[in-house]
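S.K.: Dumping the structure here so I can ask a few things about it.
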Amino acid sequence: MPKTIGLVAHDARKQEMLTWVKRNAPTLCDHELVCTGTTGGLILDMLAKEYPTLSPSMTRLKSGPLGGDQQMGALIAEGVIDILFFLTDPMTTQPHDVDVKALVRLCTVYNTVLACTVATADFVISSPFFSEPYHAEHHDYAAYLQRQPL
């Protein structure tokens, strides 16, 4: 069952993302890919060179700092993204750090699978749930929405 997969990588982790995608390209290309702009462009270039017969279905958003992180967040909130592979740079403060934190928070709120390391990404992509139907349970926020603001 095809899933919609988000792919995002900070500059210091883009090469690591490309290596991981190259290793998993045939599996990933069976799914719908949504990437932030720069990451998506690099992935498309790499796939064209390494796997010219693959034709991935990919939507490229804006570059992360230019709104791509927020676009990805909106897709998570709308229930479009099933899995987010988000390789973050833990050693560098990002100028759009609030957007980065928001993506992690939204994955938690909407119970979206999130992998921020290659080790976690390897576990996720090798899970039987990756290619089978899976419905993530969502928290019921009805009481939160009906609360009386102070």
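The values are calculated or read from the model by the stated rules, or taken from the named source; none is laboratory data. All values derive from a computational prediction rather than experimental measurement. Positions of Cβ are generated from backbone atoms using ideal geometry, with glycine treated the same way; all protein chains shown enter the neighbour counts. Surface accessibility is based on the protein's heavy atoms, side chains included, excluding ligands, DNA and RNA. Shrake-Rupley method; radii C 1.70, N 1.55, O 1.52, S 1.80 Å.
S.K.: Condition first: under 20 Å from Thr27 (Cβ atoms) and open to solvent by less than 30 Å² (accessible area, probe 1.4 Å). Now tell me which residues in the range 57-96 satisfy that.
M.R.: Answer for the range 57-96, where residues must be under 20 Å from Thr27 (Cβ atoms) and open to solvent by less than 30 Å² (accessible area, probe 1.4 Å): Ile81, Ile83, Leu84, Phe85, Phe86, Leu87.
One line per residue, one yes/no per condition, for (1) in a helix (DSSP H, G or I); (2) of a type outside the set (A, V, I, L, M); (3) in contact with a Leu (Cβ under 6 Å, 6 or more places away or on another chain); (4) within 19 Å of His31 (Cα to Cα):
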| position | (1), (2), (3), (4) |
| --- | --- |
| Asn111 | no, yes, no, no |
| Leu114 | no, no, yes, yes |
| Ala119 | yes, no, no, no |
| Phe123 | yes, yes, no, yes |
| Glu132 | no, yes, no, yes |
| His135 | no, yes, no, yes |
| Ala143 | yes, no, no, no |
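S.K.: Suppose we filter the range 68-109 for residues that are part of a helix (DSSP H, G or I), among the aliphatic types (A, V, I, L, M) and over 19 Å from Pro2 (Cβ atoms); how many remain?
M.R.: So the answer is 9.
S.K.: Now for a separate question. Restricting to the range 1-19, name every residue that is open to solvent by 70 Å² or more (accessible area, probe 1.4 Å), of a type outside the set (A, V, I, L, M) and modelled with pLDDT under 95.
M.R.: Passing the criteria: Pro2, Asp11.
S.K.: Check off (1) within 28 Å of Glu137 (Cα to Cα); (2) part of a helix (DSSP H, G or I) for Val8 and give me the number that stays unchecked.
M.R.: (2)
S.K.: Right, next: Can you tell me which residues in the range 20-36 are open to solvent by 10 Å² or more (accessible area, probe 1.4 Å), in contact (Cβ under 8 Å) with a residue 60 or more places away in the chain and in a helix (DSSP H, G or I)?
M.R.: Asn24, Thr27
S.K.: For the range 127-150, name all the residues that are within 20 Å of Phe85 (Cβ to Cβ), hydroxyl-bearing (Ser, Thr, Tyr) and open to solvent by 100 Å² or more (accessible area, probe 1.4 Å).
M.R.: Tyr134
S.K.: Among the residues of the range 91-133, count how many are closer than 26 Å to Gly68 by Cβ, modelled with pLDDT under 95 and among the hydroxyl-bearing types (Ser, Thr, Tyr).
M.R.: Going through the range 91-133 one residue at a time, the tally reaches 2.
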